Structures are given as structure tokens and as C-alpha cells.
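I am attaching a structure below and will ask some questions about it afterwards.
What follows draws every value from the coordinates through simple rules; no lab data is involved. Note that the structure is predicted; figures quoted are calculated from it, not measured. All Cβ positions, glycine included, derive from the backbone under ideal geometry; neighbour counts span all protein chains shown.
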Amino acid sequence: MQLLEDLSQHWQLEDPEERRTISSVTWAQYEGLLAQLGDSLAYRVNYLDGVLEIVAPSRRHETGKTRIGTLLEIYFLETDAEYFPMGSTTFRKAANQVGVEPDESYCLGTEKEFPDLVIEVIVTSGGSDRLERFRRLGVQEVWFWQANHFLIYHLREDTATGFTQTFGYELIHQSELLPDLDLNLLSMCVQNPNPLAGAKAFRQGIQKQQNQR
């Protein structure tokens with residue numbers, strides 16, 4: 001597709017976080033693009049009501065999402081929590097005209113069609129409709145990692161009208177899916193310049209908390 005060739009040439013920068021949106025895209029065209037991309041990791045593709053978003057993640061973006069994913073899996077293992085990693089799987093629902101590829105995603109407790117928890121790393125400003133995409137798939141919790149801290153949103157299906165500005169999600173201070181997770185510890189370890197040291201410090205912190213109970 002010529003579109004991909006043009007974008008690839010435009011994004012040959014040192015470490016870009018480039019994002020392009022295209023309007024009036026049909027669902028068939030969206031699925032055709034997904035088929036052409038296959039398992040390519042070069043782009044993330046999202047779709048909502050005819051608007052296609054194509055993202056070329058930067059190295060900083062990919063490093064952040066991988067480190068968060070690594071630490072969360074340490075947490076699941078140390079706490080013996082049932083989890084099903086779904087990564088950047090393409091989740092789509094034609095009836096709701098939505099398709100998303102989160103940075104990281106997990107089902108908790110049991111494996112499901114759509115994840116319970118998704119992680120999004122924000123390097124540049126993204127579309128304000130990110131939460132709406134996840135709402136249409138019924139994702140319970142969305143975590144944004146931005147400016148070295150987490151913003152946690154939990155879906156309020158019964159009181160969605162009270163959170164219209166955030167598409168039915170409430171901004172909360174502590175995860176309701178993982179209520180025992182120390183977000184301050186997690187944030188500190190994500191920012192550790194040495195990934196191995198950060199992972200060890202995170203594991204030790206979890207073990208210390210468990211021993212204190």
C-alpha cells in the first residue's frame with residue numbers, strides 16, 4: 001500500500017514517535033490494512049468510527065512499555081496471581097466500529113475475548129478518544145504511563161454518565177484490579193536507568209511487603 005511506503009519514508013528519523021490519522025476509512029479498508037501488515041511490529045493501528053490512526057512507536061516508547069510489562073509479570077509471579085498476557089494483540093469489534101492495539105494488555109483470573117487491563121505509554125500527545133476505544137471493548141482498567149507516572153482509569157458502567165469527559169472511566173489513585181500493587185514502587189523501578197537493577201528492586205520490594213503481612 002502506497003500509504004505505508006510514504007509514511008515509512010517520512011518517519012526515517014533518529015527516534016520518532018509519529019502519529020497519523022486518516023478519516024473516512026471503511027471497516028473493510030481497515031481490515032485490509034491489518035491483513036497487509038500481518039504481524040509487523042513497525043506500526044500500531046487503531047480504528048474508531050471511520051477514523052484510522054497509524055503510529056510508528058519510538059524506541060523510548062517501546063522501552064517503556066516493555067519494562068512496565070516485565071515488572072508486572074514479576075508482580076504476578078511473586079503474588080501467585082492468575083494472568084494471561086495478551087501484549088499488543090489487535091482487538092476489534094465490527095459492531096462497535098472499533099479496533100485497538102494497546103501497548104500491553106492482560107486478562108486477570110481467566111482468559112477472555114478482551115483484556116481486563118491495558119497499558120498505554122504516552123510519549124507524544126495522543127487522541128482524546130483512547131478511552132472511548134477501550135470502553136467499546138469493555139476493558140475494565142486503562143493505565144497511561146506519561147511524564148514518569150501512572151494515570152489509572154477504571155470503567156464505571158453503572159455510573160458512566162458521571163464521567164462523560166473520560167468516556168465513562170473514573171480517574172483513580174489505586175488500581176482496583178490490582179489493589180495491593182504499590183504504584184509508587186512500580187513507577188520508581190520503571191524509571192531506574194538499569195533495567196536489571198529496577199527489576200531486582202521491584203521483586204525485593206514485593207517480597208518485603210508480603211513478609212510484613
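In which sequence would 111, 31 go, from the one with the fewest C-beta neighbours within 10 Å to the one with the most?
111, 31
Hey, another quick one. So for segment 62-207, considering every pair of alpha-carbon atoms, how many percent are separated by more than 26 Å?
For segment 62-207, the fraction of Cα-Cα distances above 26 Å is 21 percent.
Compute a Gaussian network model of the chain, connecting alpha carbons closer than 10 Å, and tell me which residue from 95, 56, 147 fluctuates the most.
Most flexible of the set in this elastic network: 95.
Right, next: Just how far, in whole angstrom, is segment 70-96 from segment 174-202 if you go by their alpha carbon centroids?
16 Å
Now for a separate question. Would you work out the charge dipole size for segment 59-211 about its Cα centre, treating the Cβ of every Lys and Arg as +1 and the Cβ of every Asp and Glu as -1, and quote it to the nearest 20 debye?
Here the size comes out at about 540 debye.
Across the chain, how many lysine pairs, 8 or more positions apart or on different chains, have C-alpha atoms separated by under 28 Å? Please give the number. Provide the component values of the computation, followed by the final result.
Numbers: 65/93; 65/112; 65/200; 65/208; 93/112; 200/208.
Pairs that pass both the separation and distance tests number 6.
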